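Take a look at the structure set out below.
The values are calculated or read from the model by the stated rules, or taken from the named source; none is laboratory data. Everything numeric in this text was worked out from a predicted model, so none of it was measured. FYI the Cβ positions are ideal-geometry reconstructions off the backbone, even for glycines, and counts take in every protein chain you see.
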Amino acid sequence: MKTLEQLAQEPTSALLAAADKRILVLDGAMGTMIQKLGLTEADFHPKGMEDHKILLKGNNELLSLSRPEAIRTIHEQYLEAGADIVETNTFSATSIAQAEHECSHLAREMNLASARLAREACDKYTAMDPSKPRFVAGAIGPMNKTASLSPDVNDPGYRAVTFDQLVAAYKEQVEALLDGGVDILLVETIFDTLNAKAAFYAIDEVFEARNTKVPLMCSVTITDASGRTLSGQTIEAFLISMAHVPLFSMGLNCALGAAQMRPYLEVIAEQSPCRVSIYPNAGLPDQMGEYRETPDVTARLVGEFMANGWVNVVGGCCGTTPEHIAALAAEAKRHAPRAKPVLA
């Protein structure tokens, strides 16, 4: 009989084995798929919150409580398209980010429910084809408050949140995600390195307290043509800032389409000591805020990165759909994953 420790290590072993063999496929946009459902305000109100005084439509994380079948179906659509990894519906499921909706008290419940929904979907598809195990990545977003920048132009030294407050909120999220059964923790859409450091510090504290670990993914976002994060770091500087974290993968997502990400991805591919991921938007939004890049274009652009041997994990961010993921999955089969560099 296997011990609990051995059982806990099985998903990690399966993930590492799969990553050695092929390029892994991450899912696409959750928000894009939710928008397609045409939900009403009432859909965002869990039981007991029918009379909540603040409008909740657009607070997508609540749907894991109020419309769990909708979230589960979205996960299954991406798995059907060929995704190896699906992200939990928890991008903004922290007490700090939920404060603007007066839903901070639901942060743990949101993360736990979201992780379980993704777990159910992945287990279903793994059972259908055990040769292709599916994995759950606990999505940890950047929060709506930043530790590096002042929200008040007249008071540059002011901060709306402290590092300790960020750590406490991230710890609550991480604990719930692990309790819900995630295989991976993904700190994503990083625009402020100090926020990301708080997230990884929180993760490390939880790991130590629980005497457990899962693989860690890290994904930064470059906000404009300057090639810097919102808090001002270049990709090279960001890589150095994250060098202390034992990462499964480092990569890019959001803000830009694949074409615009190319020079920054090349830097990561050249310098990262771990695997490399990329999940771009479906191009840049048009004047109406719509993403128009078709699946074949996204697959062709990301396919160039695969052909160059730059990536280990590919997927989609804003504007991408199961059709985009299906096209990426088909393209990924044609290429070998980036070889892990041998460090001197």
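So the values come out like this:
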| quantity | calculated |
| --- | --- |
| Residues (among the charged types (D, E, K, R) and crowded, with 19+ Cβ neighbours inside 10 Å) located in region 121-162 | Arg134, Lys145 |
| Candidate set from region 50-83 (those that are in contact with a Ser or Thr (Cβ under 8 Å, 6 or more places away or on another chain) and not acidic (Asp, Glu)); member that is farthest from Gly180 (Cα to Cα) | Lys57 |
| Top-ranked residue of region 283-333 - restricted to ones that are of a type in the set (Gly, Ala, Ser) and either free of Cβ contacts under 8 Å to residues at least 60 places away in the same chain or in a strand (DSSP E or B) (or both), ranked as farthest from Cys218 (Cα to Cα) | Gly289 |
| Some residue of region 9-24 being within 29 Å of Ala282 (Cα to Cα), in contact (Cβ under 8 Å) with a residue 60 or more places away in the chain and touching a Cys at 6+ places or on another chain (Cβ under 6 Å) | no |
| Residue count for region 52-85, restricted to those that are touching a strand residue (DSSP E or B) at 6+ places or on another chain (Cβ under 6 Å) and in contact (Cβ under 8 Å) with a residue 60 or more places away in the chain | 5 |
| Answer residue from region 1-45, given it is at pLDDT below 95 and part of a loop (DSSP other than H, G, I, E, B) and is nearest to Thr212 (Cα to Cα) among those | Thr3 |
| Positions within region 255-278 being in contact with a Ser or Thr (Cβ under 7 Å, 6 or more places away or on another chain) and within 26 Å of Gln35 (Cα to Cα), in sequence order | Ala255, Ala258, Ser277 |
| Qualifying residue in region 205-224 (condition: at pLDDT below 95, farther than 23 Å from Cys122 by Cβ and not aliphatic (A, V, I, L, M)) | yes |
| Looking only at region 217-239, and only at residues there that are in contact with a Gly (Cβ under 9 Å, 6 or more places away or on another chain) and touching a residue at least 24 places away in the same chain (Cβ under 8 Å), the one that is farthest from Val314 (Cα to Cα) | Ile235 |
| Residue satisfying condition, being under 27 Å from Thr12 (Cα atoms) and within 20 Å of the chain's Cα centre (by Cα), within set Ala339, Ala299, Ala255, Ala329 | Ala329 |
| Of all residues making up region 121-132, the number that are without any contact (Cβ under 8 Å) to a residue 12 or more places away in the chain and not in a helix (DSSP H, G or I) | 3 |
| Subset of region 83-120 [part of a helix (DSSP H, G or I), surrounded by fewer than 24 Cβ atoms within 10 Å (Cβ to Cβ) and of a type in the set (Gly, Ala, Ser)] | Ala97, Ala99, Ser104, Ala107 |
